[in-house]
1. Filtering segment 25-58 down to residues that are of a type in the set (D, E, K, R) and more than 20 Å from Leu13 (Cα to Cα), which residue is most open to solvent (accessible area, probe 1.4 Å)?
2. When both residues are 6+ apart or on different chains and their Cβ atoms are under 9 Å apart, which pairs have a first residue that lies in segment 1-27 and is without any contact (Cβ under 8 Å) to a residue 40 or more places away in the chain, and a second that is open to solvent by 70 Å² or more (accessible area, probe 1.4 Å) and outside any loop (DSSP other than H, G, I, E, B)?
3. Search segment 1-18 for residues being among the β-branched types (Val, Ile, Thr) and under 15 Å from Phe33 (Cβ atoms), and hand back the single one that is most open to solvent (accessible area, probe 1.4 Å).
4. Which residues, taken from segment 59-80, are open to solvent by 60 Å² or more (accessible area, probe 1.4 Å) and either over 22 Å from Leu43 (Cα atoms) or among the small types (Gly, Ala, Ser) (or both)?
Amino acid sequence: MPEKEIAILGAKLESGPIPYSTEDLALSIALNFFKDAQNISSLGNAQMMARMTMLEWLQENKVAPILAKSFEDTLYKLYK
């Protein structure tokens, strides 16, 4: 994904009313790209790595459990 698009989305999310940890913000940004229909065919392998990273962060209490569940549920439905 283009770095500029990531930065724009990150700034938009961070300026909103929801406080994000670094990891929560990373998952939220990634989810936007993984959900984009134009990216699904090219992000098949990347989504698996993202899901494994999310699980590590969840075990280390670095991400909100509800965000982790949403991330997993969404990627499972899109990439199964």
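The values are calculated or read from the model by the stated rules, or taken from the named source; none is laboratory data. Remember, predicted model here, so these are calculated numbers, not experimental data. Counting neighbours? That spans all protein chains shown, and the Cβs are built from the backbone with ideal geometry, glycine included. Note: areas computed on protein heavy atoms with side chains; ligands, DNA, RNA excluded. Shrake-Rupley method; radii C 1.70, N 1.55, O 1.52, S 1.80 Å.
1. That would be Glu56.
2. Partner pairs satisfying both residue conditions: Leu9/Asn32; Leu13/Asn32; Tyr20/Glu14; Leu25/Glu14.
3. My answer is Ile8.
4. Gln59, Glu60, Asn61, Lys62, Pro65, Ile66, listed by residue number.
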